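*Asks:* This is the structure, below, for whatever I ask next.
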Amino acid sequence: MEKKENEIPTELKTLSIWDRDYKTFLTKKFENRKPYIAHDPLKVYSFLPGTIQKLIVKEGQIVKKGEPMLILESMKMMNIVRVPIDGKVKSIHVQPGEKIPKDHLIVEFE
């Protein structure tokens, strides 16, 4: 018995790329992919799984781009996460000692 993953698609679908529509066959893998979400510059997500060691900023604090924001321990290394933009800290979604996965929301800015 053959695997259903390798079946050849038979239905034409519309694929939009840069304001152009194309008729094509899409594989199951392509149809089940994780959808693209545009980057929000006001939100900072973890780039590695790890443990929050220290918060350096506080909610409501005015910060400048490049200042240290927090320390994230990952794979026995201390990573200093820096502020990506000038702004004001709207909310902090982590606490010291908290273990977080990759792509976890850490901080939001105004």
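*Asks:* Roughly what would the spin-label model give for Glu108 and Asn32, points 7 Å off Cα along C-beta, in nm?
*Replies:* The modelled label-to-label distance comes out at 3.3 nm.
*Asks:* Regarding segment 43-109, what's the average projected area of the Cα-atom convex hull, expressed in nm²?
*Replies:* Details: hull surface 14.7 nm².
Value for segment 43-109: 3.7 nm².
*Asks:* To two decimal places, what compactness ratio does segment 4-100 give when its Cα radius of gyration is scaled by 2.2 N^0.38 Å? Walk me through the intermediate numbers first.
*Replies:* On the way: Rg = 20.7 Å, N = 97, 2.2 N^0.38 = 12.5 Å.
Expressed relative to 2.2 N^0.38 Å, the Cα Rg reads 1.66.
*Asks:* A follow-up question, please. What is the sum of charges around His93, taking Lys and Arg as +1, Asp and Glu as -1, for the other residues whose C-beta is under 13 Å from the C-beta of His93?
*Replies:* On the way: positive: Lys43, Lys90; negative: Glu59, Glu98, Asp103, Glu108.
Once all neighbours under 13 Å are counted, the net charge is -2.
*Asks:* Compute the length gained on full extension between Leu15 and Lys54: take 0.36 nm times their separation in residues and subtract their Cα-Cα distance, giving the result in nm to one decimal. Write out the running numbers ahead of the final one.
*Replies:* Numbers: separation 39, 0.36 × 39 = 14.04 nm, distance 4.54 nm.
Contour length minus Cα-Cα distance gives 9.5 nm.
*Asks:* For the chain, what is the mean residue ellipticity at 222 nm derived from helices alone (per DSSP H run of n ≥ 4: -39500 (n - 2.57); sum divided by total residues; nearest 500 deg cm²/dmol)?
*Replies:* On the way: 1 runs with 4 residues, N = 110.
Mean residue ellipticity, 222 nm, calculated: -500 deg cm²/dmol.
*Asks:* Provide the per-residue ³J(HN,Hα) series for segment 61-77, in order, calculated from phi with Karplus coefficients 6.51, -1.76, 1.60 and θ = phi - 60°, each as a whole number of Hz, with x at glycine and proline positions.
*Replies:* Residue by residue, segment 61-77 yields 6, 7, 10, 10, 4, x, 5, x, 10, 6, 10, 10, 8, 8, 6, 6, 10 Hz.
*Asks:* Collect residues whose amide H, placed 1.01 Å from N in the peptide plane, falls under 5 Å from the amide H of Arg82; neighbours closer than 5 in sequence don't count.
*Replies:* The answer is Met69.
*Asks:* Now, a different point. Please report how many Lys pairs in segment 43-109 have alpha carbons closer than 13 angstrom, counting only residues at least 8 apart along the chain or sitting on separate chains. Working shown, then result.
*Replies:* Details: Lys43/Lys88; Lys43/Lys90; Lys54/Lys99; Lys58/Lys88; Lys58/Lys90; Lys64/Lys88; Lys65/Lys88.
Total qualifying Lys-Lys pairs in segment 43-109 comes to 7.
*Asks:* Still on this structure: Applying the Karplus parametrisation 6.51 cos²θ - 1.76 cosθ + 1.60 with θ = phi - 60° to the phi angles of segment 18-30, what ³J(HN,Hα) value in whole Hz is obtained for each residue in order, glycine and proline being reported as x?
*Replies:* These are the phi-based 3J(HN,Hα) values: 6, 6, 10, 9, 10, 8, 7, 9, 10, 6, 4, 4, 5 Hz.
*Asks:* If you average the sequence gap of Cα pairs under 8 Å that are 6 or more apart and divide by the length of the chain, what percent do you get for the contact order? Numbers along the way, then the final one.
*Replies:* Numbers: 195 pairs, mean separation 28.3, N = 110.
Reported as a whole number, the value is 26 percent.
Since every read-out is calculated from the coordinates, none of them should be taken as a lab result. As the structure is a prediction and not an experimental result, all values here were calculated from the model. Don't worry about glycine lacking a Cβ; one is built from the backbone with ideal geometry, like all the others, and counts go over all protein chains shown.
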